[in-house]
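Okay, structure first, notes after.
Just so you know, all these numbers are worked out from the coordinates, no wet-lab data involved. No experiment lies behind these values; they were computed from the predicted model shown. When we count neighbours, we look across all protein chains shown, and the Cβ atoms used for this are built from the backbone with ideal geometry, even at glycine.
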Amino acid sequence: MMSFAFLWEQVVNGIVAGSMYALMAIGLTLIWGTMRVLNFAHGEFFMLGAFLALTALLGVGLPLIPAVLVAICGVFVIAVILHSATIRPLMSRPGWDFSTIAATLGLSIVLQDAALMIWGERFQALPYFVEGIVHVLGVRLPAQRVLIVATVIAVVCVLTILIRFTRFGMALRAVASDAEAASACGVNTARVHATTFGIAAALAALAGIILAPIIAINPWMGVPPILKAFVVVVLGGLGSLPGAVLGGFLLGIIEAVGVTVFSSEWREVVALGVLILVVWLRPQGLFGKPLREA
Amino acid sequence: MPASLAWIAATPKLWAFLLLLAAVPAIVHDAYVLQVMCLAMLWTVFASSWNLAVGYAGLKTFGHQAFFGIGAYVSALISIHAGLSPWLTMWIGAVSASIVGALVGLPLLRIKSLPHLAIVTLAFAEIVRIICSNLVGLTRGELGLSGIAPFSAIPLPWGGQVGFGPADRQASYVMIWMMMTTTLIFLAWFVRSRTGLIVQSIRDSQVAAESLGVSLTRYKLLVLAISAFIAGAAGGVYAHFVLVLTPTSAMGIALMVQMTAITLVGGIGTLQGPLIGALVLTLSAEGLRLAGDHRMLAFGLLIILVVLFAPRGLARLDVLIADVQRQRAARSGS
């Protein structure tokens, strides 16, 4: 049963799942890295992306690519508005580290309920973006899943270029390392925060959209991905971009292999095991800065 | 009054209000009202346990629903399978929750990082819920664990007995009131004890507390264990009060959101906050018939509004009003 070919197939499947974890975790880690805020509503941007794409594609009847773009831009705008209504005013007050978490927790519940009222609780699905089966690395895969991995790799490349080589990226890194010094040098910190929050939400939306043909779209679909993203950011190191990417793929592979040893219901237990092990053995994660011992 | 009892004199309004609540079953006989009040008092205990960790010790955890659920499930399962009395099993449930709390806290509390605490506790609680719904053979998963015994009847010294089944809501009310009052008395003493003051000094500045020789990990672990114990005890009583458990209702995120809303609306870091919040939110949710669909929406909105506009909650409304008046005075002055 546990032949090498079978194990290899699981690893490839793990890479597909892991690429989605990575996309979610990149957003979380980006928000944490620039503004030291934990976004508990991140899963809801994943959900909103899928619903907006559904409406644009099947409700309005847009072609695929414009529909996806409209959905991503829509989530970006929603996220920027929510950021300036909730997180931004809290950031300047004492106790913001906790109040921003509480506010995003409230936001996540409100967004779930709003989606429930707008789209209903019926499980819906998007059609596959691409049909067919592709042979990759000796494994037969539906083309949609290959598209997921390809998209994630492309996004990581674009994001790396954005952060390393553009003026916005420079401002973002400046704000991340010292927000006060950055604003003293003329960087509009609030705008960098809002844009970063929007970009992170748009990445979550993208993950929701490309995964929508495979999983059911419903108001609560954002909860499992954010849990996995949490495990990934702890594994990769909170605030570390390469950590989020590699941690995502790593968790996907560990889960896929773990599931063959146990059974598929125990996928979450494997994730919990990874989380607890990391906190015990290497709390700063694979790429994080060392944390201070208490 | 000796200084060792000063903590009693510190919160006279709280004690008066608790005595007032004790009189409710003498006046109200409606089983539905008593049922709602019982739940409100259970949420008070649960929210108080979280309040101790977050409001007093500064441990920003989001996984207390797991301790509540572990207390509930352990107590229910032992009473079903071993035939033990719920009066005994609820303590086993509470101790189990406390042990799990310490096991999770042990690695987690060594590090000072707030986001790690928040992330790991939330993920831990959700994964415990998923495990609980996957163990269908033991817990019956989302089908619900039913057939849980109510608290067994107690014989009265003057003959007869007092039962705690669904028909005896007054007796349940008195029992849950006693539990809540015991919890609040303990917390009132604890937060003014030497240990409690050390714990609050950790909340206010970990660095300062540590520089004065406080062992951060030891005190944090103590608070988490006590807090998980109280949450587990609340869960145990909940199990033998509502008599049916599902992983979503006993340890889901909705439970945590409700408790967070209760604590924040009431006033985090105050003794009376969870009590005020639980009464206001539970009663108004029932009164407005927000039951079911849009209760969660209301809780989510309340959390956002409170952190934005009234961070001290209803318990310290005086602070909020003073702030508003000061702003108004400043505006008219300029």
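What FRET efficiency do you get for A:M170 and A:L137 if R0 is 51 Å and r is their Cβ-Cβ distance, rounded to the nearest 0.05? Once the sixth-power term is evaluated, E becomes 0.85.
What the pair-distance distribution of the range A:135-184 shows, using all Cα-Cα distances binned every 10 Å from zero, is 23, 28, 21, 16, 10, 2 percent. With a simple spin-label model that places each label point 7 Å from the Cα along the Cα-to-Cβ direction, the separation between B:L317 and A:S264 comes to 5.4 nm. Put in line by how crowded their Cβ is, counting other Cβ atoms within 10 Å and starting with the fewest, A:Y128, B:Y73 read A:Y128, B:Y73. In plain terms, the chain from A:S84 to A:L277 could stretch by 65.8 nm, reckoned as 0.36 nm per residue minus the Cα-Cα distance. Long hydrophobic helices in chain A, taken as whole DSSP H segments with a C-alpha length of 18 Å or more on their own axis and mean Kyte-Doolittle hydropathy at least 1.6: A:64-82, A:143-165, A:223-236, A:241-261, A:267-281. Along chain A, the longest continuous region that contains none of the GluC sites (Glu not before Pro) in a DSSP loop with at most 12 other C-beta atoms within 10 Å is A:132-294. For chain B, a crude dipole built from +1 on the beta carbon of Lys and Arg and -1 on the beta carbon of Asp and Glu, taken about the Cα centre, is about 820 debye to the nearest 20. The label-point distance for B:S332 and B:K13, in a model that sets each label 7 Å from Cα toward Cβ, rounds to 2.5 nm. Highest mobility in the GNM of chain A, judged by mean-square fluctuation with C-alpha springs under 10 Å and restricted to A:L250, A:L48, A:L147, is found for A:L147. In terms of Cα atoms, the Rg and Dmax of the protein assembly as shown work out to 25.4, 85 Å. Using a Gaussian network for chain B with springs between C-alpha atoms less than 10 Å apart, which of these wobbles most: B:L301, B:L21, B:L42? Its mean-square fluctuation being the largest, the pick is B:L301. Taking every C-alpha pair closer than 8 Å and separated by at least 6 residues, the mean separation divided by the residue count of the range B:3-89 gives a relative contact order of 11 percent.
A 22 angstrom limit on the alpha carbon distance is what I want to check against. Which of B:K13/B:K60; B:K60/B:K112; A:K228/B:K220 exceed it?
Check vs 22 Å cut-off fails for B:K13/B:K60; A:K228/B:K220.
Taking the fewest neighbouring Cβ atoms within 10 Å as the starting point, the ordered list for A:I109, A:I163, A:I72 is A:I163, A:I72, A:I109. When the label point is put 7 Å from the Cα of B:S4 along its Cα-to-beta-carbon vector, which residues of the range B:186-218 have a backbone N closer than 15 Å? Correct set: B:189-190, B:193-195.
Evaluating 6.51 cos²θ - 1.76 cosθ + 1.60 at θ = phi - 60° for every residue in the range A:125-141, the Karplus couplings come out as 9, 9, x, 4, 6, 10, 9, x, 10, 10, 8, 10, 6, x, 10, 7, 10 Hz, glycine and proline recorded as x. Karplus-based coupling profile of the range B:297-308, in residue order and whole Hz: 4, 4, 5, x, 4, 4, 4, 4, 5, 5, 5, 7, with θ = phi - 60° in 6.51 cos²θ - 1.76 cosθ + 1.60 and x standing for Gly or Pro.
Put in order of Cβ neighbour count within 10 Å, fewest first, the listed residues A:M24, B:M41, A:M117, A:M91 become A:M117, A:M91, B:M41, A:M24. Take chain A, connect every pair of alpha-carbon atoms lying under 10 Å apart with a spring to form a Gaussian network, then pick out the residue of A:A154, A:A71, A:A229 with the largest mean-square fluctuation. Fluctuation is largest for A:A154. For A:W220, nonlocal amide neighbours, meaning residues 5 or more places apart or on other chains whose placed amide H falls under 5 Å from its own, do not occur. Summed over qualifying helices (DSSP H, 4 residues or more, each -39500 (n - 2.57)) and divided by its residue number, chain A shows a 222 nm mean residue ellipticity of -23500 deg cm²/dmol. Pairwise Cα distances in the range B:3-249 exceed 28 Å in 37 percent of cases. Here B:V28 and B:S284 are evaluated by their C-beta separation; at R0 = 22 Å the FRET efficiency comes out at 0.80.
Net length available on complete extension from B:R218 to B:V324 is 34.1 nm, with 0.36 nm assigned per residue and the Cα-Cα distance removed. Taking amide hydrogens as placed 1.01 Å from N in the peptide plane, the amide H of B:V162 sits under 5 Å from those of B:I154, B:L156, each at least 5 positions away in sequence or on another chain. Counted by Cβ distance under 10 Å from B:V136, the other residues give a net charge of -1, where Lys and Arg count +1 and Asp and Glu count -1. Computed over the range A:123-238, the Cα gyration tensor eigenvalues convert (square root of 5λ each) into semi-axes of 34, 17, 13 Å, ordered from largest to smallest. Taking 7 Å steps out from each Cα toward its Cβ at B:L135 and B:I80 produces label points 1.1 nm apart. Pairs of Cα atoms nearer than 8 Å and 6+ residues apart set the relative contact order; for chain A it is 37 percent. Note on A:F123/B:E210: beta-carbon distance plugged into 1/(1 + (r/R0)^6) with R0 of 45 Å gives a FRET efficiency of 0.30. Computed over the Cα atoms of the range A:22-222, the ratio of the radius of gyration to the Kirkwood radius (Rg/Rh) comes to 1.00.
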